[in-house]
Structures are given as C-alpha cells and as structure tokens.
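Novice: My questions all concern the structure below.
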Amino acid sequence: MKQVLTALCPALLLLRCWPEGFTTTRGFGNEVSRAAGNLRRRQVQLSAEAEAEGSTTGGDPGLTEEEVKILLQGAAMGDAESQVLIGRMALEGNIAEPDPEQAAEWFLKAAEQGDKDGQFNLGMLLISGNGVPQDMQEGSMWLEKAAEQGVHEAQYFYAATNLQDGFDGDSDKAMKYMRSAAENGIADAQYALGMILLQTQDLEWAAHWLNQAAQKGDSRAQYQIARMFLYGAGLEQDEATAAQWASAAANSGLQDAQYLMGTMLLSGQGVEQNMAWAAHWFEQAALQGHVDAQYNLGLMLESGDGVPEDKEKAAY
C-alpha cells in the first residue's frame with residue numbers, strides 16, 4: 001500500500017490556497033474582524049481568478065496599510081485567526097519579501113492555541129520544507145491535529161504522508177483519514193483511494209472512487225476510468241465511454257491518456273478509426289517523452305500511414 005502512495009505522491013507540495021473553515025476573529029473587536037473578513041474575501045476572489053488562469057497562487061490580496069496594521073496588532077495580541085492570516089501573507093510575500101520562517105512562527109502560535117488552520121498550514125509547511133527545515137514527523141503531527149478537527153485537506157495530506165514508503169506512520173489511521181477525505185469530496189483523496197483499491201483488486205470500489213475524482217476533472221482518474229471501461233475491469237466494458245474519458249484526460253495533457261487515445265483511434269476502439277488523429281495524439285505524447293508513442297509515431301511517419309511520409313523524422 002505504501003508503495004502505491006509513494007508513486008502517487010513523490011513530493012508533497014505546499015498548498016497555495018486558503019484552507020476552508022476560517023472562523024471569525026475572536027475577542028479583538030470589529031476592526032480586526034473587518035480586516036480579516038476583507039482579507040478572506042479578497043483571497044477567495046484571487047484564488048478563483050488564479051484557478052481560472054491555471055495558476056497555483058492567489059496573488060496580492062491588496063489590503064490597505066491600516067488593515068495590515070490591524071491584523072498585525074491582533075496577531076501580536078494572540079488572536080489565532082489573525083496569526084494565521086499574517087502567516088499566509090508572510091508566506092506569499094504580501095507584506096514584504098516571502099518569509100517562510102516568519103510564516104511558520106505565526107502558524108505555530110495559532111496552532112499551539114488549537115487553531116485548526118494554523119495546524120494545517122504549519123503541517124504543510126514542515127512537510128514541504130518550503131523555506132524551512134523539512135520535518136515530516138512534526139508536520140504529520142500537526143496535520144493529524146487539524147485532521148481531528150475535521151479539516152479534510154489535512155486528512156488527505158496526513159494520510160498521504162503516513163502511507164509513503166519509508167515513513168514510520170500509522171497506516172490504519174491514515175486509511176481512515178483517506179476515506180474521510182474522499183467521502184468529503186477531496187479529489188486527490190478519491191484518486192489515491194481508488195488507486196489503492198485498484199492495487200488490492202477491489203475493482204468495484206476502485207471504480208467508484210476513481211469515477212468520483214474523474215467527475216471533478218482529475219485527469220489521472222479519467223485515464224484510469226477509461227482503462228477500466230476499455231477492458232471491463234470493475235465496470236461493464238464500454239469502449240465508447242472509455243474513449244470519452246480518455247479524450248478528456250488527453251485534452252488535459254496527460255501523456256498516458258494521449259497515447260491511449262492514439263491507440264483507440266488507430267484501431268477504431270470506441271471511436272471511428274482516424275489515422276490522422278491517432279498520429280496527432282501519438283505526437284502529443286511523444287513530445288512529452290512517451291516511448292511507445294514515439295515508436296508508433298515513427299512507424300506512421302515511415303510508412304506515411306495517416307501522416308505525410310517523412311523517413312528522416314521517423315528515424316529521429
């Protein structure tokens with residue numbers, strides 16, 4: 001099982017979005033609450049804009065100097081929500097240059113008060129080692145604390161960390177949290193759980209979770225569902241549906257899906273045979289280094305089958 005998650009999560013990257021569930025500012029008056037609310041609303045807007053543009057960061061939330069000053073005062077006075085918000089701004093470089101160590105200090109202050117967002121952010125920062133010394137064990141500990149408070153992203157990352165090969169973690173607890181995260185709509189958890197179940201030959205449930213992630217647009221899950229429909233593994237064989245999922249994943253840039261789409265177009269499985277489009281998808285996958293796609297494209301270029309004959313390019 002751990003080998004499966006190691007392959008799925010070769011490196012855990014720091015999330016560049018605000019975790020859900022920020023609570024209202026506690027005990028520091030309307031000004032702090034208003035500044036925190038402005039920051040949250042602006043960050044939600046920036047996150048939506050970044051997602052639409054395919055970016056991983058939310059940019060500068062554009063608070064006034066007075067609002068930043070109010071949040072800093074709240075954080076210094078011990079307000080956990082303000083500490084998390086200032087920590088995120090320090091991490092993103094919204095106040096000055098990005099300062100992960102300062103961010104970690106603010107997250108720690110909030111985390112030690114039991115704030116789930118502080119715990120989650122600190123755990124992610126320690127696991128990623130992004131600008132701070134990496135500490136997987138301590139990071140996992142903080143993620144577990146956030147997971148216990150129902151932060152579903154924390155449940156997923158705790159599970160992914162503890163299921164990595166070579167990490168001395170609690171596999172049973174990790175699987176419990178992986179299921180919880182999947183059940184609560186975390187697409188990465190749904191994909192990971194589906195792959196674990198696929199490896200253990202629980203094909204029906206594997207198909208269930210992979211389908212959930214595929215419906216959310218996860219190209220890896222779309223590719224796996226395509227294969228399951230194509231070969232009738234855990235699902236009733238349906239080549240046309242397989243082609244639809246393979247096409248969705250291929251158009252997302254997944255090289256394995258591009259190769260699969262090429263082979264289906266080449267043989268006419270689930271779609272009308274189309275040599276030119278088969279060559280197109282083989283080329284897309286080949287450009288990403290897919291060896292089998294490079295070989296198939298080379299054969300087509302050498303014979304002129306579906307593409308203009310080009311023996312020089314075929315040899316290359």
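The values are calculated or read from the model by the stated rules, or taken from the named source; none is laboratory data. Note that this is a predicted model, so its numbers are computed, not measured. So basically every Cβ, Gly included, is an ideal-geometry build from the backbone, and we count neighbours across all protein chains shown. Note: accessible area is taken over every heavy atom of the protein model, side chains too, but ligands, DNA and RNA are not part of it. Shrake-Rupley method; radii C 1.70, N 1.55, O 1.52, S 1.80 Å.
Novice: Take the conditions assigned to a helix (DSSP H, G or I), over 22 Å from the mean Cα position of the chain (by Cα) and surrounded by fewer than 21 Cβ atoms within 10 Å (Cβ to Cβ) and apply them to residue 265. Does it pass? Explain how you work it out, then say what you get.
Specialist: Numbers: assigned to a helix (DSSP H, G or I): yes; over 22 Å from the mean Cα position of the chain (by Cα): yes; surrounded by fewer than 21 Cβ atoms within 10 Å (Cβ to Cβ): no.
When the stated conditions are applied, residue 265 does not pass them.
Novice: For residues in region 242-296 being free of Cβ contacts under 8 Å to residues at least 24 places away in the same chain and aliphatic (A, V, I, L, M), which is nearest to residue 210 (Cα to Cα)?
Specialist: 261
Novice: Of all residues in region 161-196, count the ones that are touching a residue at least 60 places away in the same chain (Cβ under 8 Å) and touching a Phe, Trp or Tyr at 6+ places or on another chain (Cβ under 7 Å).
Specialist: Qualifying residue count for the region: 1.
Novice: Could you check region 62-84 and list, in sequence order, the residues that are among the hydrophobic types (A, V, I, L, M, F, W, C), assigned to a loop (DSSP other than H, G, I, E, B) and closer than 20 Å to residue 111 by Cβ? So that I can check it myself, show each step before the final result.
Specialist: Keep residues of region 62-84 that are among the hydrophobic types (A, V, I, L, M, F, W, C), which gives 63, 68, 70-72, 75-77, 80, 84.
Those left that are additionally assigned to a loop (DSSP other than H, G, I, E, B): 63, 77.
Result: 77, single match.
Novice: While we're on this one: From the residues in region 138-158 that are touching a Gly at 6+ places or on another chain (Cβ under 9 Å) and farther than 18 Å from residue 113 by Cα, which one is most open to solvent (accessible area, probe 1.4 Å)?
Specialist: Among them, the one singled out is 152.
Novice: Condition test on residue 166, is it open to solvent by 60 Å² or more (accessible area, probe 1.4 Å) and at positive phi?
Specialist: On the way: open to solvent by 60 Å² or more (accessible area, probe 1.4 Å): yes; at positive phi: yes.
Here the answer is yes, as residue 166 does meet what is asked.
Novice: Among the residues of region 75-90, is there at least one that is of a type outside the set (A, V, I, L, M), at pLDDT 90 or above, surrounded by fewer than 21 Cβ atoms within 10 Å (Cβ to Cβ) and in contact with a helix residue (DSSP H, G or I) (Cβ under 9 Å, 6 or more places away or on another chain)?
Specialist: Yes, there is a match, as at least one residue in region 75-90 is of a type outside the set (A, V, I, L, M), at pLDDT 90 or above, surrounded by fewer than 21 Cβ atoms within 10 Å (Cβ to Cβ) and in contact with a helix residue (DSSP H, G or I) (Cβ under 9 Å, 6 or more places away or on another chain).
Novice: List every residue pair whose Cβ atoms lie under 6 Å apart, where the two residues are 6 or more positions apart in sequence or sit on different chains, the first residue falls within region 92-113 and is more than 15 Å from residue 128 (Cα to Cα), and the second residue, located anywhere, is surrounded by fewer than 19 Cβ atoms within 10 Å (Cβ to Cβ) and of a type in the set (Asp, Glu).
Specialist: Every condition considered, the pairs that remain are 94/60.
Novice: Name the residues in region 186-214 that are over 23 Å from residue 269 (Cβ atoms), open to solvent by 40 Å² or more (accessible area, probe 1.4 Å) and assigned to a helix (DSSP H, G or I), would you?
Specialist: 188, 199, 204, 205, 208, 212
Novice: Please determine, by comparing only the residues of region 284-315 that are under 18 Å from residue 223 (Cβ atoms) and either at pLDDT below 95 or among the aliphatic types (A, V, I, L, M) (or both), which one is surrounded by the most Cβ atoms within 10 Å (Cβ to Cβ). Explain how you work it out, then say what you get.
Specialist: Filtering region 284-315 for residues under 18 Å from residue 223 (Cβ atoms) gives 284-293, 296.
With the extra rule that they be either at pLDDT below 95 or among the aliphatic types (A, V, I, L, M) (or both), the set shrinks to 285-287, 291, 293, 296.
On the way: 285: 27, 286: 22, 287: 13, 291: 10, 293: 24, 296: 22.
Filtering region 284-315 for residues that are under 18 Å from residue 223 (Cβ atoms) and either at pLDDT below 95 or among the aliphatic types (A, V, I, L, M) (or both), the one surrounded by the most Cβ atoms within 10 Å (Cβ to Cβ) comes out as 285.
Novice: Out of 64, 57, I need the residue that is at pLDDT 50 or above and among the hydroxyl-bearing types (Ser, Thr, Tyr). Which one? Working first, answer last.
Specialist: Numbers: 57 fails: at pLDDT 50 or above.
Just one listed residue meets the conditions, 64.
Novice: Also: Please verify whether residue 179 is within 27 Å of residue 293 (Cβ to Cβ), at pLDDT 95 or above and either assigned to a helix (DSSP H, G or I) or open to solvent by 20 Å² or more (accessible area, probe 1.4 Å) (or both), treating the condition exactly as stated.
Specialist: Values: within 27 Å of residue 293 (Cβ to Cβ): no; at pLDDT 95 or above: yes; either assigned to a helix (DSSP H, G or I) or open to solvent by 20 Å² or more (accessible area, probe 1.4 Å) (or both): yes.
Spelling it out, it is not the case that residue 179 is within 27 Å of residue 293 (Cβ to Cβ), at pLDDT 95 or above and either assigned to a helix (DSSP H, G or I) or open to solvent by 20 Å² or more (accessible area, probe 1.4 Å) (or both).
Novice: While we're looking at this one, here's another question. Filter region 215-234 for residues that are surrounded by 19 or more Cβ atoms within 10 Å (Cβ to Cβ) and closer than 22 Å to residue 185 by Cα and give the result.
Specialist: Across region 215-234, the qualifying residues are 218, 219, 220, 221, 222, 223, 224, 225, 226, 228, 234.
Novice: Taking region 85-120 as the region of interest, how many residues are of a type in the set (A, V, I, L, M, F, W, C), under 16 Å from residue 68 (Cα atoms) and not in a loop (DSSP other than H, G, I, E, B)?
Specialist: First pass over region 85-120, keeping only residues of a type in the set (A, V, I, L, M, F, W, C): 85-86, 89-91, 95-96, 103-104, 106-108, 110-111, 120.
Next, from what is left, pick out any that are under 16 Å from residue 68 (Cα atoms): 85-86, 89-91, 95-96, 103, 106.
So of that shortlist, the ones also not in a loop (DSSP other than H, G, I, E, B) come out as 85-86, 89-91, 103, 106.
Within region 85-120, residues that are of a type in the set (A, V, I, L, M, F, W, C), under 16 Å from residue 68 (Cα atoms) and not in a loop (DSSP other than H, G, I, E, B) number 7.
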